[in-house]
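The values are calculated or read from the model by the stated rules, or taken from the named source; none is laboratory data. Computed from a predicted model, the values in this text were never measured in an experiment. Because the Cβ atoms are built from the backbone with ideal geometry, glycine has one as well, and the counts that use them run over all protein chains shown. Surface accessibility is based on the protein's heavy atoms, side chains included, excluding ligands, DNA and RNA. Shrake-Rupley method; radii C 1.70, N 1.55, O 1.52, S 1.80 Å.
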Amino acid sequence: MSAGEAVTDEGRGMLRTRYAALKRQVPFIYAISLLNFIGFHFATSRQWQASLWPGGLLIAFMLIRLLYWMRREAHVPAPEAILARMRPMPFIAAMLSLAFGVWGLIVFETGRPAELNYAILFGSLTALGCAYGLASFPNVARMPLVFLALPLAARLVFTGEAALVGLGLCLILVICLILRLLGTHERGFVQLIRARSAVEAERGRALEAEQRALSEAARAQVIADTDDLTGLPNRRAFLKAAEACAALPEDKAVAVAIVDLDNFKPINDVFGHMVGDQLLRQIGSRLETLRGDTGMVARIGG
């Protein structure tokens, strides 16, 4: 995730899709984290009623974040707003993972044997569940695995006890598998968004070409129905209008007047065709001012 994803159309679409996927998963991520934090907190606390640190503060913080993400949004925010909202997410993921990891290691070193099992169980479940839920942002999804699950697994290996070493190695293999799946998921996700962007771009080009074709067809129609010299409708347009008038009900009266220009040829002979063309344009313009809203002035002769 970077500012570059908010620049191109493909990047903006990818960022919106990542955010939409994350927003659906966030309630489950915090629910998993809260349940495991609370379970580990009360399973390892000597005195439940006096255990505000560190579990109580972490739980309160996650409740606040859960309420923040559960706000209803009318629409997906703009990419710039998404970037601003997601900027603290890596820090929060690293902080919570490290807090739980350090807490688990402390309990692992100082707790009773039964509490060691709780540290491994709750820590691993939190790391694996959060990593899967954050898969749309793989760099953040790796943090629970690296900062929480991996230290616990390494600590198991360094105990030297055969059963715990085997459990630690198995957990490390699971972590490696999920890290690999996150990479595969990211590549597939990017390919999917790029394919979708390509389809959308092709659809946009097709619509643009269709609009251009319609515009050209309309322009060709106007040219075909317009007299080049005067800009008035030509004989073709006039005949179309006449056919339309002939189809009107009998109570709709239509008048047709034909105007001829007497002694026009001497103007061309004496003053030239350029002046004659200017005169035709001026006559057409003056007749246009007289036709009203429903009339039509057309040049049907040569």
Gain in span if fully extended, residue 69 to residue 267, counting 0.36 nm per residue against the direct Cα distance: 62.9 nm
Principal semi-axes in Å for the chain [√(5λ), Cα gyration tensor, largest first]: 83, 20, 15
Residue 251 accessible area, assembled protein chains, probe 1.4 Å, Å²: 120 Å²
Ranked packing of 282-290, 141-149, 209-217, most packed first, by mean Cβ within 10 Å: 141-149, 282-290, 209-217
The stretch 216-294, dipole about Cα centre (Lys/Arg Cβ +1, Asp/Glu Cβ -1), debye to the nearest 20: 80 debye
Rounded if a/c under 1.5, otherwise prolate or oblate - the stretch 167-216, Cα gyration tensor axes: prolate
Over the stretch 111-226: Kirkwood hydrodynamic radius from C-alpha pairwise inverse distances, Å: 18.2 Å
Largest-first ordering by accessible area, 1.4 Å probe, given options 226, 44: 226, 44
Globularity ratio of the stretch 133-188, using Cα Rg and 2.2 N^0.38 Å: 1.25
Sorted largest first, extent of the stretch 103-159 alpha carbons per principal axis (Å): 38, 18, 15
Extension gain from residue 199 to residue 109, taking 0.36 nm per residue of separation minus the Cα-Cα distance: 26.8 nm
The stretch 205-298: relative contact order as a whole-number percent, Cα under 8 Å and 6+ apart: 28 percent
Whole-number percent relative contact order across the stretch 136-271, with pairs defined as alpha carbons under 8 Å at least 6 apart: 12 percent
Where 16, 24, 235 fall by accessible area, highest first, once all protein chains stay in place (1.4 Å): 24, 235, 16
12 Å Cα-Cα reach of residue 240 towards aspartates and glutamates, excluding residues that sit fewer than 8 places from it in its own chain: 225
Heavy atoms of residue 57: accessible area, 1.4 Å probe, square angstrom to 10: 100 Å²
Helix runs (DSSP H) in the chain reaching 18 Å along axis by Cα, Kyte-Doolittle at least 0.5: 55-69, 89-110, 113-133, 162-224
Cα-derived Rg over Rh, computed across the stretch 171-302 with Rh taken as Kirkwood radius: 1.50
Value of relative contact order over the chain, rounded to a whole percent, pairs C-alpha under 8 Å and six or more apart: 15 percent
